[in-house]
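Reading through the structure tokens given below for one structure.
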């Protein structure tokens with residue numbers, strides 16, 4: 001027990017790997033002291049577990065219709081009730097975590113690197129490269145995000161993949177802006193001058209020296225943005241432009257339940273609560289990460 | 001080793017332009033240690049950045065070891081390196097000491113990295129225990145030692161020192177200065193030292209030039225400085241000011257232009 005904490009917390013690590021692990025362990029210790037952040041982390045971990053073990057957790061097939069049992073209130077057999085096609089809402093929410101996670105992952109994977117690369121290049125090189133790239137981001141930022149995403153989905157055709165693409169296309173400009181602002185500060189620093197003196201190429205400087213310093217604020221921004229991404233995906237689903245039936249997507253489920261919202265409240269309420277909890281989880285996690293990673 | 005003729009640097013354009021360095025000429029022989037003294041904003045650091053290749057806009061002639069420099073030339077890593085003023089800003093916060101010291105070798109394609117890094121650390125008086133620490137685990141003096149080690153990794157002939165001790169505690173300042181003196185002898189370095197501290201210059205340099213408002217006011221050797229016999233009134237004033245705050249001196253300060 002004490003040996004591995006000693007290994008991680010030593011003042012004089014004996015390899016790069018030990019130094020890096022030690023640094024990460026210190027961050028984790030700081031993160032653990034923040035109870036709200038831990039709540040956020042628990043929610044996200046729970047989301048991952050539910051998505052991974054969905055077949056074990058779900059009580060019924062999320063796609064199985066049973067018109068004899070439509071719009072039943074929550075009960076022992078259908079914990080969250082059934083929807084207008086007699087499908088078990090609890091099982092659909094459980095399987096919906098997978099859809100949500102797919103959206104979140106695809107957006108993160110596409111938006112983060114694009115925004116980072118564009119922002120860091122723009123900020124470090126300056127001049128006409130900077131002007132061209134920043135005008136491009138301005139164009140994207142001039143439109144409200146949901147409206148732009150709607151336009152893209154309408155052009156690309158409804159569907160989960162196209163919804164993700166549309167969200168990614170509309171989501172990168174703020175990341176580029178953040179990365180550029182960070183880069184403008186970093187490029188003035190003496191350690192960048194020092195590495196230039198050692199003959200480093202511009203790619204090396206941007207990639208190995210500037211980008212790692214932009215990363216923390218972008219990771220924080222991503223986690224804080226996740227709530228927004230989930231809500232936009234749900235919004236697109238609600239409008240019928242996201243995941244197509246019968247895929248159990250939470251936004252589409254709310255949309256399907258809106259006709260019965262006064263008589264059969266459970267149809268729209270439970271997916272809504274699920275969206276709420278996951279969005280809150282990402283938000284709390286992002287807040288906690290900011291405290292730990294942005295030591296400013 | 002260092003030859004500068006009619007160096008002129010301007011920042012900005014039009015009415016807001018700043019004439020930071022005006023017609024500066026000096027030369028430093030191989031193995032010599034030359035000091036540039038002056039108040040803040042006198043342009044001394046700008047001269048260093050020009051020689052390092054960090055400042056692209058200048059006119060005049062400059063040469064290092066007989067190699068003429070051009071305003072847009074890339075830095076010459078194996079010829080000239082620099083130690084910066086603030087050791088808290090000159091080390092990458094997310095790179096270990098090991099990485100900071102091995103990167104110059106990687107960039108220049110020099111092998112034998114591990115032993116070289118350990119030797120460089122020993123050379124600046126840091127044990128192997130420091131090798132895998134991050135800058136935030138080091139004190140100011142230790143950081144400056146790492147910065148000096150990094151500057152010497154490529155075995156340059158010229159070392160530019162931009163106020164290398166002004167951000168450090170007084171007790172640590174002397175250690176760093178003695179280290180620099182020892183390294184200069186051991187590596188046969190030519191030093192160009194910028195400072196506003198006349199005591200540091202007197203300790204480190206053979207000759208010095210006094211700068212005011214971007215121009216060199218006078219050049220002298222350290223013996224003249226020690227005897228307190230400068231030629232120019234501005235230098236006399238600087239010498240008086242360097243003895244510490246004195247009400248009479250402060251009242252009598254004149255702006256020389």
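The values are calculated or read from the model by the stated rules, or taken from the named source; none is laboratory data. Predicted, not measured: the structure shown is a model, and the values here were computed from it. Glycine gets a Cβ as well: all are built from the backbone with ideal geometry, and neighbour counts include every protein chain shown.
Values for this structure:
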| quantity | calculated |
| --- | --- |
| Test: residue in region B:120-133 that is under 18 Å from the mean Cα position of the chain (by Cα) and either at the interface with chain A (Cβ under 9 Å from one of its Cβ atoms) or modelled with pLDDT of 90 or more (or both) | yes |
| Within region B:213-257, helices (runs of 4 or more DSSP H) holding 2 or more residues that are surrounded by fewer than 11 Cβ atoms within 10 Å (Cβ to Cβ) | B:247-251 |
| Near pairs, Cβ below 9 angstrom, 6+ apart or cross-chain, from region B:103-115 (more than 10 Å from chain A (Cβ to nearest Cβ) and loosely packed, with under 10 Cβ neighbours inside 10 Å) to any residue that is modelled with pLDDT of 90 or more and part of a helix (DSSP H, G or I) | B:111/B:105; B:112/B:105 |
| Matching residues, region A:13-27, being within 7 Å of another protein chain (Cβ to nearest Cβ) and surrounded by 15 or more Cβ atoms within 10 Å (Cβ to Cβ) | A:13, A:16, A:18, A:19, A:23 |
| Residues being part of a loop (DSSP other than H, G, I, E, B) and buried (at least 18 other Cβ atoms within 10 Å of the Cβ) - total across region A:61-113 | 7 |
| Residue A:112 in contact with a helix residue (DSSP H, G or I) (Cβ under 8 Å, 6 or more places away or on another chain) and more than 14 Å from chain B (Cβ to nearest Cβ) | yes |
| Filter result (surrounded by fewer than 18 Cβ atoms within 10 Å (Cβ to Cβ) and part of a helix (DSSP H, G or I)) within region A:42-53 | A:42, A:45, A:46, A:48, A:49, A:52 |
| Qualifying residue in region A:131-143 (condition: more than 14 Å from chain B (Cβ to nearest Cβ) and over 30 Å from residue A:235 (Cβ atoms)) | yes |
| The lone exception for residue A:35 - which of (1) at pLDDT 85 or above; (2) closer than 30 Å to residue A:256 by Cα it fails | (2) |
| Subset of region A:1-41 [closer than 19 Å to residue A:223 by Cβ, in contact with a helix residue (DSSP H, G or I) (Cβ under 7 Å, 6 or more places away or on another chain) and assigned to a helix (DSSP H, G or I)] | A:27, A:30, A:31, A:32, A:36, A:37, A:38, A:39, A:40, A:41 |
| Index of the failed condition, residue B:50 passing every other in (1) surrounded by fewer than 22 Cβ atoms within 10 Å (Cβ to Cβ); (2) without any contact (Cβ under 8 Å) to a residue 60 or more places away in the chain | (1) |
| Region B:143-171, residues that are part of a helix (DSSP H, G or I) and either over 30 Å from residue B:42 (Cβ atoms) or within 9 Å of chain A (Cβ to nearest Cβ) (or both) | B:147, B:150, B:151 |
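Every residue, every condition in (1) within 14 Å of chain B (Cβ to nearest Cβ); (2) buried (at least 22 other Cβ atoms within 10 Å of the Cβ); (3) in contact with a helix residue (DSSP H, G or I) (Cβ under 9 Å, 6 or more places away or on another chain); (4) modelled with pLDDT of 90 or more, yes or no:
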residue: A:152; (1), (2), (3), (4): no, no, yes, no
residue: A:159; (1), (2), (3), (4): no, no, yes, no
residue: A:163; (1), (2), (3), (4): no, yes, yes, no
residue: A:176; (1), (2), (3), (4): no, yes, yes, yes
residue: A:181; (1), (2), (3), (4): no, no, yes, yes
residue: A:188; (1), (2), (3), (4): yes, no, no, no
residue: A:194; (1), (2), (3), (4): yes, yes, yes, yes
residue: A:216; (1), (2), (3), (4): yes, no, yes, no
residue: A:220; (1), (2), (3), (4): no, no, yes, no
